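Undergrad: Sharing a structure with you now.
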Amino acid sequence: MGSKFWKRRVFMISKHMVQEVFRQFRLKPTSAHGLSHARRVFTIGKELAAKTGADRLVVAVFALVHDIGREDECDDELHGERSAALLLTTFKDLFPLSGSQLKTLFFAISWHHMGRTISHPTIGTCWDADRLDLSRCHMETNPALLSTAFAKEPAFFNWATSLSLRRP
(Lines give C-alpha, C1' and ligand atoms only; values in the text may rest on other atoms or scores of the structure.)
Protein backbone atom coordinates (compact mmCIF):
# COMPACT_ATOMS: atom_id res chain seq x y z
CA MET A 1 0.00 0.00 0.00
CA GLY A 2 2.91 2.33 -0.52
CA SER A 3 4.34 3.13 2.89
CA LYS A 4 7.04 5.35 1.34
CA PHE A 5 4.33 7.46 -0.23
CA TRP A 6 2.49 8.13 3.01
CA LYS A 7 5.30 8.25 5.54
CA ARG A 8 6.81 11.68 5.38
CA ARG A 9 8.65 13.42 8.20
CA VAL A 10 5.87 15.83 9.09
CA PHE A 11 2.90 13.75 8.00
CA MET A 12 3.74 10.48 9.77
CA ILE A 13 1.17 8.36 7.99
CA SER A 14 2.45 4.79 8.21
CA LYS A 15 1.63 1.72 6.15
CA HIS A 16 -0.21 0.35 9.19
CA MET A 17 -2.45 3.44 9.34
CA VAL A 18 -3.30 3.18 5.64
CA GLN A 19 -4.12 -0.51 6.02
CA GLU A 20 -6.30 0.10 9.10
CA VAL A 21 -8.27 2.83 7.35
CA PHE A 22 -8.78 0.94 4.11
CA ARG A 23 -9.85 -2.17 6.00
CA GLN A 24 -13.05 -0.19 6.72
CA PHE A 25 -13.56 0.95 3.11
CA ARG A 26 -16.74 -0.54 1.65
CA LEU A 27 -15.88 0.15 -1.98
CA LYS A 28 -13.01 -1.39 -3.88
CA PRO A 29 -9.65 0.24 -3.03
CA THR A 30 -9.24 0.74 -6.80
CA SER A 31 -12.50 2.73 -7.09
CA ALA A 32 -12.59 6.41 -8.06
CA HIS A 33 -12.74 7.27 -4.34
CA GLY A 34 -10.16 4.69 -3.31
CA LEU A 35 -6.47 4.67 -2.54
CA SER A 36 -5.33 6.44 -5.74
CA HIS A 37 -7.70 9.33 -5.01
CA ALA A 38 -6.46 9.52 -1.41
CA ARG A 39 -2.86 9.65 -2.65
CA ARG A 40 -3.61 12.48 -5.09
CA VAL A 41 -5.49 14.44 -2.40
CA PHE A 42 -2.46 13.91 -0.16
CA THR A 43 -0.05 15.13 -2.86
CA ILE A 44 -2.15 18.16 -3.76
CA GLY A 45 -2.83 18.92 -0.09
CA LYS A 46 0.86 18.72 0.79
CA GLU A 47 1.70 21.28 -1.89
CA LEU A 48 -1.18 23.55 -0.89
CA ALA A 49 -0.32 23.35 2.82
CA ALA A 50 3.18 24.63 2.10
CA LYS A 51 1.58 27.81 0.71
CA THR A 52 -1.49 28.20 2.93
CA GLY A 53 0.05 27.44 6.31
CA ALA A 54 -2.46 24.64 6.86
CA ASP A 55 -1.90 22.00 9.53
CA ARG A 56 -0.13 19.35 7.47
CA LEU A 57 -1.05 16.43 9.71
CA VAL A 58 -4.76 17.32 9.49
CA VAL A 59 -4.46 17.61 5.69
CA ALA A 60 -2.73 14.21 5.48
CA VAL A 61 -5.29 12.43 7.64
CA PHE A 62 -8.11 14.15 5.73
CA ALA A 63 -6.71 12.75 2.46
CA LEU A 64 -6.77 9.25 3.89
CA VAL A 65 -10.11 9.31 5.75
CA HIS A 66 -12.47 11.75 3.98
CA ASP A 67 -14.19 9.17 1.73
CA ILE A 68 -13.81 6.08 3.91
CA GLY A 69 -17.53 6.07 4.80
CA ARG A 70 -18.67 5.93 1.17
CA GLU A 71 -21.22 3.26 0.37
CA ASP A 72 -21.77 4.27 -3.25
CA GLU A 73 -19.38 5.57 -5.89
CA CYS A 74 -21.79 8.19 -7.25
CA ASP A 75 -24.72 9.30 -5.11
CA ASP A 76 -23.83 9.22 -1.44
CA GLU A 77 -24.79 12.47 0.25
CA LEU A 78 -24.13 11.09 3.75
CA HIS A 79 -20.61 9.83 3.15
CA GLY A 80 -19.00 12.88 4.77
CA GLU A 81 -20.95 12.35 7.98
CA ARG A 82 -20.22 8.61 7.97
CA SER A 83 -16.52 9.21 7.31
CA ALA A 84 -16.35 11.76 10.15
CA ALA A 85 -18.14 9.33 12.48
CA LEU A 86 -15.59 6.63 11.61
CA LEU A 87 -12.83 9.11 12.42
CA LEU A 88 -14.23 9.51 15.94
CA THR A 89 -15.27 5.92 16.60
CA THR A 90 -12.65 3.84 14.83
CA PHE A 91 -9.62 5.96 13.94
CA LYS A 92 -9.43 8.55 16.74
CA ASP A 93 -6.52 6.80 18.46
CA LEU A 94 -4.81 5.73 15.23
CA PHE A 95 -3.44 9.21 14.48
CA PRO A 96 -1.48 11.52 16.81
CA LEU A 97 -4.06 14.34 16.73
CA SER A 98 -4.70 16.93 19.43
CA GLY A 99 -8.27 17.77 20.43
CA SER A 100 -8.14 20.91 18.30
CA GLN A 101 -6.81 19.02 15.27
CA LEU A 102 -9.49 16.36 15.69
CA LYS A 103 -12.21 19.02 15.82
CA THR A 104 -10.89 20.71 12.66
CA LEU A 105 -10.58 17.37 10.86
CA PHE A 106 -14.09 16.29 11.89
CA PHE A 107 -15.54 19.50 10.43
CA ALA A 108 -13.48 19.23 7.23
CA ILE A 109 -14.56 15.64 6.61
CA SER A 110 -18.21 16.22 7.55
CA TRP A 111 -18.66 19.11 5.12
CA HIS A 112 -16.14 18.41 2.34
CA HIS A 113 -18.71 17.35 -0.25
CA MET A 114 -21.21 20.17 0.25
CA GLY A 115 -19.76 22.62 -2.28
CA ARG A 116 -18.97 25.35 0.23
CA THR A 117 -15.89 27.52 0.64
CA ILE A 118 -14.26 28.60 3.87
CA SER A 119 -11.57 31.04 5.01
CA HIS A 120 -10.04 28.57 7.52
CA PRO A 121 -6.64 27.70 5.97
CA THR A 122 -6.56 24.05 7.02
CA ILE A 123 -10.16 23.21 6.15
CA GLY A 124 -9.92 25.17 2.90
CA THR A 125 -6.74 23.31 1.98
CA CYS A 126 -8.43 19.96 2.63
CA TRP A 127 -11.47 20.84 0.53
CA ASP A 128 -9.41 22.30 -2.29
CA ALA A 129 -7.13 19.25 -2.45
CA ASP A 130 -10.19 17.03 -2.85
CA ARG A 131 -11.91 19.29 -5.40
CA LEU A 132 -8.79 19.60 -7.52
CA ASP A 133 -8.99 15.84 -8.11
CA LEU A 134 -12.44 15.96 -9.73
CA SER A 135 -11.03 15.45 -13.22
CA ARG A 136 -10.65 11.76 -12.37
CA CYS A 137 -14.47 11.59 -12.61
CA HIS A 138 -14.60 13.63 -15.83
CA MET A 139 -15.82 16.67 -13.90
CA GLU A 140 -14.42 20.17 -14.10
CA THR A 141 -13.26 21.91 -10.97
CA ASN A 142 -15.00 25.26 -10.54
CA PRO A 143 -12.40 27.79 -9.28
CA ALA A 144 -15.22 29.71 -7.56
CA LEU A 145 -15.63 26.70 -5.25
CA LEU A 146 -11.99 26.73 -4.15
CA SER A 147 -11.26 28.24 -0.75
CA THR A 148 -7.57 29.16 -1.01
CA ALA A 149 -6.03 31.76 -3.28
CA PHE A 150 -3.10 29.50 -4.14
CA ALA A 151 -5.39 26.73 -5.42
CA LYS A 152 -6.89 29.23 -7.86
CA GLU A 153 -3.52 30.29 -9.31
CA PRO A 154 -3.48 29.05 -12.91
CA ALA A 155 -0.15 27.20 -12.71
CA PHE A 156 -1.12 25.30 -9.56
CA PHE A 157 -4.69 24.71 -10.71
CA ASN A 158 -3.47 23.27 -14.03
CA TRP A 159 -0.83 21.09 -12.33
CA ALA A 160 -3.34 19.66 -9.85
CA THR A 161 -6.08 18.98 -12.36
CA SER A 162 -3.59 17.35 -14.75
CA LEU A 163 -2.41 15.14 -11.88
CA SER A 164 -6.01 14.10 -11.45
CA LEU A 165 -6.17 12.96 -15.09
CA ARG A 166 -3.16 10.66 -14.59
CA ARG A 167 -5.19 8.00 -12.84
CA PRO A 168 -3.14 4.83 -12.32
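The values are calculated or read from the model by the stated rules, or taken from the named source; none is laboratory data. Quick caveat, the model's predicted, so the values are computed rather than measured. So basically every Cβ, Gly included, is an ideal-geometry build from the backbone, and we count neighbours across all protein chains shown. For accessibility, only protein heavy atoms count, side chains too; no ligands or nucleic acids. Shrake-Rupley method; radii C 1.70, N 1.55, O 1.52, S 1.80 Å.
Undergrad: Just to be sure I follow: if Rg is taken over the C-alpha atoms of the range 55-168 and Rh is the Kirkwood radius over the same atoms, what is Rg/Rh?
TA: Computed over Cα atoms, the ratio is 0.96.
Undergrad: More than 12 angstrom separation, counting every C-alpha pair in the range 115-168; what % is that?
TA: 59
Undergrad: What percentage of the solvent-accessible surface of the chain, computed with a 1.4 Å probe over protein heavy atoms, is contributed by carbon and sulfur atoms?
TA: Roughly 53 percent of what the probe reaches on the chain is carbon or sulfur.
Undergrad: Another question about this same structure. What distance in nm lies between label points placed 7 Å from Cα along the C-beta direction at residue 30 and residue 145?
TA: Those two pseudo-labels are separated by 2.8 nm.
Undergrad: Explain nothing, just the number: relative contact order of the chain, from Cα pairs under 8 Å at least 6 residues apart, as a whole percent.
TA: The normalised contact order for the chain reaches 22 percent.
Undergrad: A further question on this structure: Per the Kirkwood treatment, what hydrodynamic radius in Å, one decimal, follows for the range 21-85 from the mean inverse distance over all distinct Cα pairs?
TA: After inverting the mean inverse Cα-Cα distance, the result is 12.1 Å.
Undergrad: Exposed loop GluC sites (Glu not before Pro) only (DSSP loop, at most 16 other Cβ atoms within 10 Å): please give the longest stretch of the chain free of them, not including the sites.
TA: By the stated rule (loop sites, at most 16 other Cβ atoms within 10 Å), 1-70.
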